[in-house]
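To start, the structure under review is shown below, and the notes come after it.
The values are calculated or read from the model by the stated rules, or taken from the named source; none is laboratory data. From a predicted model like this one, the values you see are computed outputs, not experimental measurements. Here the Cβ is made from the backbone with ideal geometry for all residues, glycine too, and neighbour counts use every protein chain on show. Each accessible area value is taken on the protein alone, full model and side chains, heavy atoms only, with ligands, DNA and RNA left out. Shrake-Rupley method; radii C 1.70, N 1.55, O 1.52, S 1.80 Å.
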Amino acid sequence: MPMSLRSAWRNLWQTLSSIKTGVVLIILVVIFSAAGTVILQRPMTDPDDLQRAYSPAMLRFLDFTGLTDVFHTRWFVALLILVSCSIIAASVQRFPNAWRFYARPYKSPDENFRKALPTHAQIPLANNDEAQGLSAAERAFRKLGLKSEHIVRTDSFSLFAERNRISEMAVYMVHASLLLIFLGFIVDSLYGWRGFLMLSPGTASNQVEMKNGSLRTIPFSIRCDATGEDTYADGTPKRWWSKLAVVEGGREISRKEIVVNDPLVYQGLRFYQASWGRTGKLDRLIVNATPASGANRSTQEISLAMNQTVALDADTSVQLADFIPDFVVQDGRVYARSKDVANPAVHLIVTSKKTNTSVNVWLPNIPGVDENASSPYIFDPKDLKTGLYTGLQVSHEPGQFAVWAGVVLMAIGLTFVFYVVHMRFWVVPVVDANGRTLLWVGGTANRNRDAFEHKFKTVVEEIQMELKPELVACAQPKVTSITAAKIKISRTTIAGK
Amino acid sequence: MARANVEQQPATGNTLIVMVGLGMAFLLFMAFLNVIKSGSLLSEANLLYAALIFYAGAGSLYLGFGVTGTDSYIKFASLMTWAGLLANTGAVAHRWYEAGHPPFASIYEMLLSFVWTLAALTLIAEKRYGVKVIGTVTMPVAIVGVILMQLLPSEVRPLVPALQSTWLHVHVTLAMLAYAACALSFALAMMFLIQDNMKTETFLAATSIFTVGIYAAVLMRFEKWGGLSVVAWDAQNKAEVFISRGVRLFVTIPDLGWLMLLVFAAVLAPLVLYVVSRVKKNESLLAIADRAVFISILLQTLALVFFLLRVRNGQYPSLDAEGLYATSLAASPFILSALVGGIFANLLYLLLLWRRADLERLLPDADALDRITYKTICIAFPLLTLMIAAGAYWANRAWGSYWNWDPKETWAAITWLVYAGYLHMRITRGWRGRRAAYFAILGFAVVMFTFFGVTYLLPGLHAYA
C-alpha cells in the first residue's frame, strides 16, 4: 500500500500547510493562553489560594487537564510545536514559487502580460525610433536612481528596471525569525533552569536551591562581599545592591556590583538581585558601659559580636552570649517567638576574674530572669546591627540567544515586509494598429499601490522629459505636439496581488 | 430627508464659535484669577488646566462640525487642539523635569502621555489624511483623560528599583505608540462601516452590547441587599487600602447596586428590542429601541452623577473588616471611565442616528478608509512587536527571564497574534472591507482588554500599571 501511504502523507502535508490550519492552531493557542491567565496557575499561586478558589472536584479536573499550569503542560508545548510545523510547511510550500520569482525575475513581458498589467502607459515616439526611445527611458531610470537592464530577445529589445527585490523574501525572514524564537523557547524549556541563592556578606556558595527544593551544584562559587539598600528620603527603597565575586578553584575570577536590572553573567549563568533583607542574626551590638559604683564613673562605648568577650577594666569583662530577635518570657525562661527582629533581647555575661563570679545581664531588663541589679556595670544599648542577606535569582537560559537573534531578524523582516516595496518597470517598444511605434511602459509593486501609481507617473513624465530635448534637436514643431498628447494611464483593478 | 436638513442649516453658524470662545475666555479668566492668588504661573496643574480648557473648546467645535458640517469650525478646532497640545507638552515637560524620568511610571503619568499622543495623532490624521471628523471621537476621549488625571494621585513618586531601566521607557513609549495606532485603526474601521452602508440598527446593537458589557462588569461588584463594592481609599496617604499582600479592602456603598441594576435593565432594553425586531421582522420596534437608547443615556447620566456623589464623600462599611472606611474616585478610575465611556458610546450612536447623511458626506470614501485602516495597522504591528521585544529584554534584566507567562505578557502576545491573523488574511486571502474592519475592531477590543482588563481583573507581575 505505498500509494495510499504517500497520499496520506500528501494529505497531511497539505492540511498542515494550509492557512486554515494555521488560523485554527493560532485560535487554539489564543484560547488556551487566555484560559491560562484567567485560571489560577500553580507556579504563581499559593496552594492554599487554589484550594480556596476551586472546589476539590474542580481542582482535580483542572490539575488532570493541566489547566492549572497551562504554559508548561505537554499538550501546550505540543500545540506550539504544531504551530511551528504549520509555519514550516506553509513556508516550504510557498517558497519555491517565491524563490523562482526572486531568482528568475520576469524581465521581458509578452503581449498577454502587457494587456493584463493594470499600471501602464504608452508614449508615442518621434520618427518611430525604437533605439532613441529606449535610451531616453534608460536615462530617465538612471535619473530616478534605478539601474535598468537591456533585455535582448531574438526579435526584440526592451528595458527592465527594478528595486528592492529582496522584499519578496521578507515574509520568509519573518517566518524564520519566529521559528528561531520558538527554537530558543524549546531549548530553554528543555535545558534551562532557575534557582535561588541566598548569601550573607562574607560567605560564598556554589549550591543553588531549585524550585522543588533540591540543590544544584554549579562549577564555581559566588561570594558576596557586601550588600545594602539605598532609600529615598521618604524611606521607600531606591536601590538594592550586592558586591559579588566569582570564585573558581579558589581563585577570584571577577567582581561585579549588581543591582536590580543589572545582573552578573558568568559561564552562561545569570545572577539577578531578586530580594534583600535582614537575617535575624546579630551582626554587631553597640552598648555604653558605665561602672555602677566607684569614683571613676566614665562611660565607654563597646562593640560586641556574637560570643565575643571584651575587657571593661583590669578585672571585669563582658561577653555577648545570646541574641533573641523576638522574645517572650514564659515560666521564668526566655524564648524566641520568631526570627523577625521585632522585639529583640540580648544576653550579656559580665565576669569578674578576682571573685570568679559571673552575672547575667539582659537588655532590656527582664524581671525574674535578669540579674542586672548586681552587675558592676550599667549597660545602655546604643545600636543593634543585624545581619544582612542578599537573595540572588540564578537562571540558565541557553536558548535566549536564539530568541534575541529571532527578534532582530523579525524587526528587519517586518521593516522589509511593510516598508520596502519591490517595484518593477518594463519598457517595450510596440507597434500599434496604425503602424506607429510606441513606447509601452509598465510597472508593478508588491505593496502600497497608491504610492506606486505616483512613482509610476513620475517615471513616465521623466521619460517624456528625456524624449523632449531630442525632439527639440530635431526642430520639428509638428512633433512637439505629439509629446504633449495625453498620456494614458489606465488602472483597471486594485484587487489582488 | 437628511439632505434637506443640511440645506436648512446654511453653513454660516458662527454662533458656536462665539459661544465656545466666550466660554473659554471666561474659564481662562477664572483660571488667571486663581494664578494671581497662588502666584505660580507655569505649574503642571495650571498647564494641565489650560490643556483641558483648550481640548474642551476643540472638542465642542469638532462636535459642532460633526453635527452641522460647518467648515469654519474645523479651522478653529484645529487651532485649539494645537494650543491644547502645546499646554499638554508643557505639562509633560514639567513632569519630566520634576520627576527626572519620562512620564510613564504611574497611571497618572501614562494618561498624561496618552492624551498627548492622542492629540498629536488627531492633528496628524486631520492634516495628513484629511480625516477631519476624527476630532469628534478623539477630543472627548482626551477630555475624559485629563479629567481622570485630576482624580488620580499626581505627586511625583520615586521609582521602585525594578522600574529604573532605560528599557522601561523604550517599552512604554512603544506601547503607547502602538496602542494609539490601534485606537486610530479602530476609529477608522468604524468610519469604514458607516461609509460601507452598514445599517444604523447594527450600530445600535453594537453600542448596546458594549454598554451592557460595561454594566455587567460593574455589577460583578454587586453585593447582597443592593450594595456596590468599590476599593477603599486612604485619603491621607493617597493610596488603596490593602488587607494583606495583594488583597485590596473593598467597601460597600449601600443602594448604589440597585441603581446600577436598573441602568443595566435600561441599557439591555434596546438590545432586547433589536433582537425581537430582527426575529419578528418588525421595523417599528426599532424606533422604540432608539427611544430606549435615549432613556438609557439619561439613566446612565443619573448613575454617573450618583456614583460621583456617593463615592466622593461618605464612610461605608466593609464586608472584610470592622468599621467604616472612605473611598474616592481615585480608587475606582476604571469604573468611572467605563461609565463615562458607556455614555460616550451611546451619544456617538445618537450622532450617527440623527446625522448619518452629514457624516457620510464628510468622511472619506469607503475604499480610502479601508486602505488607511490597513496602513495604520501596518504601523501598529511592528510597534507591537518591538514593544513586546523591549518588554522581554527588560524582563530578562529585571526578573531573570524573558518570558514569564504573566497575564499582561500573555495578552500582549494574544494581541500580536490577532493582528498577525489580520495581516495574513488581508495579504494572502485578500480580505478587504467589512471582514477586515471587523478584524481591526476585534484587535482593538483585545488591546483595550490588555491595557485595562488585565490590570483590573487579573493578578500578575505588571502591578505598576
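Side notes on the structure shown:
- Neighbourhood net charge (13 Å Cβ-Cβ; Lys/Arg +1, Asp/Glu -1) for A:Glu301: 0
- Solvent-accessible surface (1.4 angstrom probe) belonging to B:Trp258, in square angstrom, nearest 10: 130 Å²
- For the listed residue pairs A:Lys115/A:Lys457; A:Lys468/B:Lys127; A:Lys20/A:Lys457; A:Lys455/B:Lys127; A:Lys256/A:Lys385, the alpha carbons are over 28 angstrom apart in A:Lys468/B:Lys127; A:Lys20/A:Lys457.
- Semi-axes of the equivalent ellipsoid for the stretch A:317-399, Cα gyration tensor, largest first, Å: 36, 16, 11
- Note that the stretch A:1-47 carries a Kirkwood radius of 13.5 Å, evaluated over its alpha carbons pair by pair.
- With every protein chain in place, chain A: carbon and sulfur % of accessible area (1.4 Å): 57 percent
- Carbon + sulfur, % of accessible area of chain B - ligands and nucleic acids excluded, 1.4 Å: 68 percent
- Relative contact order for chain A: 20 percent, from Cα pairs under 8 Å spaced at least 6 residues apart, divided by residue count.
- Using the Cβ-Cβ distance between A:Arg216 and A:Ile88 with R0 set to 45 Å, the FRET efficiency from 1/(1 + (r/R0)^6) comes to roughly 0.85.
- Theoretical FRET efficiency, 1/(1+(r/R0)^6), r = Cβ-Cβ of A:Lys238 and B:Arg278, R0 60 Å, to 0.05: 0.50
- For the stretch B:265-422, the share of alpha carbon pairs falling in successive 10 Å distance bins from zero is 8, 18, 21, 29, 18, 5, 0 percent.
- Between A:Phe157 and B:Ala45, the distance separating the two model label sites (each 7 Å from Cα on the Cα→Cβ line) works out to 8.1 nm.
- Our Cα-only numbers for the stretch A:192-297 put the radius of gyration and Dmax at 19.0, 71 Å.
- Of the whole protein surface, B:Tyr179 contributes about 30 Å² of accessible area at a 1.4 Å probe radius.
- Only DSSP H runs of four or more residues enter the estimate; each adds -39500 (n - 2.57), and after division by the residues of the protein assembly as shown the mean residue ellipticity at 222 nm equals -18500 deg cm²/dmol.
- Spin-label zone in the stretch A:268-298 - amide nitrogen under 17 Å from a point set 7 Å from the Cα of A:Glu209 along the C-beta vector: A:272-281
- The Cα center of the stretch A:1-52 and the Cα center of the stretch A:378-401 differ in position by 43 Å.
- Ranked order, A:Ile151, A:Ile186 - accessible area, probe 1.4 Å, largest first: A:Ile186, A:Ile151
- Shape of the stretch A:338-460, Cα gyration tensor, a/c cut at 1.5: prolate
- Accessible surface ranking that places the most exposed of B:Tyr274, B:Tyr129 first, with a 1.4 angstrom probe: B:Tyr129, B:Tyr274
- Inverting the pair-averaged 1/r between distinct Cα atoms of chain A gives 32.0 Å as its Kirkwood hydrodynamic radius.
- A protection proxy built from the mean count of other Cβ atoms within 10 Å ranks the segments B:217-229, B:383-395, A:207-219, most packed first, as B:383-395, B:217-229, A:207-219.
- Max-minus-min Cα coordinates of the protein assembly as shown on each principal axis give 136, 71, 69 Å, with the largest extent listed first.
- Annotation for the stretch B:217-240 versus the stretch A:340-375: alpha-carbon center distance of 53 Å.
- Cα convex hull of the stretch A:54-207 - mean projected area over all directions, nm²: 21.2 nm²
- Rounded to the nearest 10 Å², the accessible area of A:Asp230 at probe 1.4 Å: 50 Å²
- Accessible area buried at the B-A interface, both sides summed, 1.4 Å probe (Å², nearest 100): 3800 Å²
- Once the 1.4 Å probe is applied to the protein heavy atoms, the stretch A:281-360 comes out at 58 Å² accessible per residue.
- Three-way shape call for the stretch B:338-400 based on the alpha-carbon gyration tensor, with the a/c threshold at 1.5: oblate
- Expected-Rg normalisation [2.2 N^0.38 Å, Cα atoms] applied to chain B: 1.00
- List B:Lys199, A:Lys256, A:Lys385, ordered by accessible area with a 1.4 Å probe, largest first: B:Lys199, A:Lys385, A:Lys256
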